[in-house]
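In what follows, a structure is listed as structure tokens, so that the remarks can point back to it.
The values are calculated or read from the model by the stated rules, or taken from the named source; none is laboratory data. Remember, predicted model here, so these are calculated numbers, not experimental data. In this analysis, Cβ positions are derived from the backbone assuming ideal geometry, glycine residues included, and neighbour counts consider all displayed protein chains. The accessibility values were calculated without ligands, DNA or RNA, using every heavy atom of the protein model including side chains. Shrake-Rupley method; radii C 1.70, N 1.55, O 1.52, S 1.80 Å.
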Amino acid sequence: VEIDVLGNVIDTDLFVPSSTTPPPLPFIFTVIAQLKERRKGFEILIDGFYQAFAGDDTVKLYIRGSGPLQPEIEAHIARLNLGSQVEFLPYMTLEQLRDLIQRSHVIVSSSHVETFAVSVAEAMACGKPVVSTISGGPEDYVNDASGFLVPPGNRQALASAMQQIRTEYARFDPQTIRQICVDRFSEEALVRRLEQAYARIRKRS
């Protein structure tokens, strides 16, 4: 059986690189996820961030999301004394979300399972490198030019990848990263790939 995974459509007209680069400090990691599913791996993310950057106030973690798990996540952050480095951000419009991605340095996904990981692809459309777990979606389109992939549930691997991407940040080219997303997930690309799939089906019938 032939399977062609198309992915989601990303609004690559809205999610674009900023005309300016964020200041080098603080170095900002951002996760974009609703705080209602344990499969998002928030505990792994907080532990990994702690291992990599605890006590270094030049590195921040933004968590854009809300939900019933927030008190539990906040308590975990407090136990690790990370309160000065981690900030929760409220609901945002798509434009505000794009602006958040643009002023971040790296977008992180620590999920155990993802069907696609829209926030990762939107980050790439904005030219941002990513750190993501191998969770079912991102490994289909994240490569060495756009970031790092790590096993799900592995705190040390996530910490190491976050440290490495900060060290190697200058090597990531925003236009190269964006083009990976545009070529795969822009509306034009998805229409073209659907047309090609239908053409192959017609030839078989």
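Test of understanding: among Val31, Val9, Val5, which residue is open to solvent by less than 50 Å² (accessible area, probe 1.4 Å) and either in contact with a strand residue (DSSP E or B) (Cβ under 7 Å, 6 or more places away or on another chain) or not polar (S, T, N, Q) (or both)? Step by step, each of Val31, Val9, Val5 is checked, and only Val31 is open to solvent by less than 50 Å² (accessible area, probe 1.4 Å) and either in contact with a strand residue (DSSP E or B) (Cβ under 7 Å, 6 or more places away or on another chain) or not polar (S, T, N, Q) (or both). A single entry from Ser66, Ser109, Ser84, Ser19 fulfils the requirement of being at negative phi and in contact with a Ser or Thr (Cβ under 7 Å, 6 or more places away or on another chain): Ser109. Those helices (runs of 4 or more DSSP H) of the stretch 83-202 in which at least 1 residues are closer than 19 Å to Thr58 by Cα, open to solvent by less than 30 Å² (accessible area, probe 1.4 Å) and among the small types (Gly, Ala, Ser), considering only elements entirely within it, cover 155-167. Pairing residues of the stretch 36-51 that are closer than 16 Å to Ala157 by Cβ and of a type in the set (Val, Ile, Thr) with residues that are part of a helix (DSSP H, G or I) and open to solvent by 70 Å² or more (accessible area, probe 1.4 Å), at Cβ distances under 7 Å and at least 6 apart in sequence or on separate chains, gives Ile44/Arg155.
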